[in-house]
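Before any comments, here is the structure.
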Amino acid sequence: MVVRRPPGRRAQILAVAADRFHRSGYHQVSMTEVAAGVGITAPALYRHFRGKPELLDRAVRLGLDELAGGLRAAGTAEEVGAVLAAVAVGHRPLGTLVQRDARLLPPARRAALRRELRADVALMTAVLRAERPELPAADAELLCWAALSACAGLSYQSAAPQPRRAEALLRELVAAVLAVTPAGTATVPRPESQAEPESVPAAGPVSGPRPQARREELLAAAVRLFHQRGFDNVSTDQLGAAVGISGPSVYRHFDSKAHLLAASLVRSRERLWHEVDGAITAAAGPGAALAAGLGAYVGFALRNGDYLGAMLSETERLAPPDRRAAVDFRRDFLRTWVGLLRQVRPECDAATARIRVHALFALVNDGVRNRPHSARPDLEDCLLRLGRAVLGLS
């Protein structure tokens, strides 16, 4: 007797895998867990996909194929917004998978993914410049990347929003982003995370013991390396070499690599909260507080892109108590921004404000790390204008 596979089994597997990766992180999900979510055995799952890397790759490709197909048919900026919004709502895990987990794919697949995204942005840029011919190509491309990021922010919502409302709001946000004129004049220093070389420097001679300074250097090196390569791809030898000591010497400062990760993310949260909350608290009135918070967040991101990247990508690698603390911080930080935005724009309900704030975080976090645009001397001004656009501020 021939046993026929249920129709759409591969699509069902990909949907379950995307959801599991999105919620728990790629490393925390096993093939057995995905199989159980589909209602099949792990051996049956392997008849469809060779392993977890292929499963992640195909889950990402599923959303990107729909995005590319929609953009190829889009002839106006309004239609581009409709495509971005529909994909963001219909493939809500996609933003997390691309921004957090896709860096764990094999190098060839990462490069192919980047090429696909650039091709999508090229399609968007051509449409935008046809409607706004005064825009230089670099400016139009920056706006299109920002629109992609703003829609990807929906992926970080803890609860699924009402689809029709979310799609309508995302179309509005894309229109606002694509209407921005990025003609800033402010000059900012190159972000530290961009200035660092990709390779880890060799260890050099150390002039005397500086335990507290060495600990701080290790925290800074850890967030950079964990963000760039992923927790599992960074060894203690690499961490030590980054600050001029041997790998085993790392254990003089931290009990384990996991302890170093937890401490580095705690330090990241402390610095972020100190800068942003300080700016908000010092301002007079909700409008000024929101503007000050936006300026502080953009400034922090420009100087500390790796901190934000590691907070985004490595939180799921923490031990349960540390992970809960990180999630609690995210929730409190989001609640502060949502409350402030609703004071400034009382017509916004909580769901609308959350989508806008997540869009802000996503476009800033991506903007400071997306080369070559991250090297723009006017990037601070551009991100401030884009941030105001997605928050709906005049």
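The values are calculated or read from the model by the stated rules, or taken from the named source; none is laboratory data. Given the structure is predicted, the values throughout are model-derived calculations rather than measurements. Positions of Cβ are generated from backbone atoms using ideal geometry, with glycine treated the same way; all protein chains shown enter the neighbour counts. Protein only, heavy atoms only, side chains kept; ligands, DNA and RNA dropped before computing areas. Shrake-Rupley method; radii C 1.70, N 1.55, O 1.52, S 1.80 Å.
Things worth noting here:
- Residues that are within 16 Å of Arg118 (Cα to Cα) and not β-branched (Val, Ile, Thr) within the stretch 49-73 comprise Arg61, Gly63, Leu64, Asp65, Glu66, Leu67, Ala68, Gly69, Gly70, Leu71, Arg72, listed in sequence order.
- Residue list for the stretch 267-306, restricted to those being more than 15 Å from Gly387 (Cβ to Cβ), in a helix (DSSP H, G or I) and open to solvent by less than 40 Å² (accessible area, probe 1.4 Å): Ser268, Arg269, Leu272, Gly278, Gly305, Asp306
- Those residues of the stretch 64-78 which are free of Cβ contacts under 8 Å to residues at least 40 places away in the same chain and either over 16 Å from Ala152 (Cα atoms) or surrounded by 18 or more Cβ atoms within 10 Å (Cβ to Cβ) (or both), in sequence order: Gly69, Gly70, Ala73
- Residue within the stretch 133-155 that is closer than 16 Å to His22 by Cβ, touching a residue at least 12 places away in the same chain (Cβ under 8 Å), within 17 Å of the chain's Cα centre (by Cα) and not in a helix (DSSP H, G or I) present: no
- Cβ pairs under 6 Å, 6+ apart, first in the stretch 222-234 and in contact (Cβ under 8 Å) with a residue 12 or more places away in the chain and closer than 11 Å to Arg317 by Cβ, second part of a helix (DSSP H, G or I) and of a type in the set (D, E, K, R): Phe226/Glu314; Phe231/Glu314; Phe231/Arg317
- Matching entry among Pro53, Pro43 (being surrounded by fewer than 16 Cβ atoms within 10 Å (Cβ to Cβ), closer than 20 Å to Arg103 by Cβ and not charged (D, E, K, R)): Pro53
- Conditions (1) within 16 Å of the chain's Cα centre (by Cα); (2) open to solvent by 10 Å² or more (accessible area, probe 1.4 Å); number of the one not met by Gly309: (2)
- Looking across Tyr297, Tyr307, one residue alone is within 20 Å of Asp101 (Cβ to Cβ) and among the aromatic types (Phe, Trp, Tyr). It is Tyr307.
- Output for the stretch 128-139, where each listed residue is closer than 11 Å to Thr181 by Cβ and either polar (S, T, N, Q) or open to solvent by less than 30 Å² (accessible area, probe 1.4 Å) (or both): Leu135, Asp139
- Look at (1) in contact (Cβ under 8 Å) with a residue 60 or more places away in the chain; (2) surrounded by fewer than 18 Cβ atoms within 10 Å (Cβ to Cβ) and you find that Pro106 fails only one, number (1).
- From the list Leu169, Leu173, Leu123, the lone residue that is open to solvent by 40 Å² or more (accessible area, probe 1.4 Å) and part of a helix (DSSP H, G or I) is Leu123.
- One residue stands out in the stretch 20-38 among those that are touching a residue at least 24 places away in the same chain (Cβ under 8 Å) and more than 20 Å from Pro320 (Cα to Cα): the one that is farthest from the chain's Cα centre (by Cα), namely Val38.
- Exclusive hit being surrounded by 22 or more Cβ atoms within 10 Å (Cβ to Cβ) and either part of a helix (DSSP H, G or I) or touching a helix residue (DSSP H, G or I) at 6+ places or on another chain (Cβ under 9 Å) (or both), set Arg354, Arg371: Arg354
- Residues located in the stretch 320-343, provided they are more than 16 Å from Arg23 (Cα to Cα) and open to solvent by 50 Å² or more (accessible area, probe 1.4 Å): Pro321, Asp322, Asp332, Arg335, Arg342, Gln343
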